[in-house]
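Notes follow the structure.
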Amino acid sequence: MTNLAIAYSIARHSLVENYKNRFFSLFIIFAGVLIYASLLAGVMAVDEEARVLIDLGLALMELMTLAYAVLAAASAITREIETKTIYLVFSRPVSRPAYLAGKAGGLYAASALMLGVMALIELSLIYFRGFDLPPFYLKAVFFIWCKLLIIISAALFISLFSTSTVSTVTISGILWTLGHFTSEAKFLVTKSSGAAALALKPVAYLIPNFQLFNARDLGAAAPPPAAPGFLAAYLLLWLAAPYLFSLLLFRKREF
């Protein structure tokens, strides 16, 4: 089998494993309940019911999928190392690049599936309440997935040098939070001087800028944050860099 075929096989197995995981079902059920509960907030908003329903639903979808994706990425490889399953995997003609690509691909697909199910739940609410679908909705859902792809890639990389799943989740959560304040961090760097500026500048530019993918903040009339070509290149960079660094760390492990 080629590396591509092996990666696809591992990704499919990872997707099925995540789909059968009871936590996956719990997250979908919980998210569904929360999104339906947003109807209450929508009714209270009176004239702004549609906006509240859509904004709250998108925010809940993002946070719930983020929580599951980070937890899954933090334990995807470390669990197999702890249970010695990884030795069985590498006893077969499986290359490390294909293994890492397959694990990442499975998590990407699982997050897309989870996000898609919750989007259908919210769309059913929008239809039930008789509102029109906002023109930016599908873009917002897609951009949420783009942000998840970046944090999943980062969490997989962090899990290879982190001491535990809890620390991986914590670091990933901090990275996610800082990534929504990248513009502010860069502004502070420009206003600082001396040793502080030298220390902060590389940190500010080594954090992914998630604000570029916050389409739900744009609304229907607001211009896009960046050109599509730039966003695609930025996304590919943040997928490729953690993968390559993960591969460097993974090659040092003996299985």
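The values are calculated or read from the model by the stated rules, or taken from the named source; none is laboratory data. Owing to the predicted nature of the structure, the values given are computational and were not obtained by experimental measurement. Neighbour counts run over all protein chains shown; Cβ positions are idealised from the backbone, glycine included.
Could you identify the single residue in Ile86, Ile126, Ile150 that is touching a Pro at 6+ places or on another chain (Cβ under 6 Å), surrounded by 15 or more Cβ atoms within 10 Å (Cβ to Cβ) and among the β-branched types (Val, Ile, Thr)?
On inspection, the qualifying residue turns out to be Ile150.
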Open item on the list: Is it the case, given these coordinates, that Arg22 is surrounded by fewer than 17 Cβ atoms within 10 Å (Cβ to Cβ), without any contact (Cβ under 8 Å) to a residue 12 or more places away in the chain and closer than 24 Å to Val141 by Cβ?
Closed with: no
- [ ] Go through segment 117-134 and count every residue that is of a type in the set (Asp, Glu) and not in a loop (DSSP other than H, G, I, E, B).
- [x] 1
- [ ] Name the one entry in Leu107, Leu34, Leu53 that is modelled with pLDDT of 90 or more, closer than 22 Å to Lys147 by Cα and crowded, with 17+ Cβ neighbours inside 10 Å.
- [x] Leu107
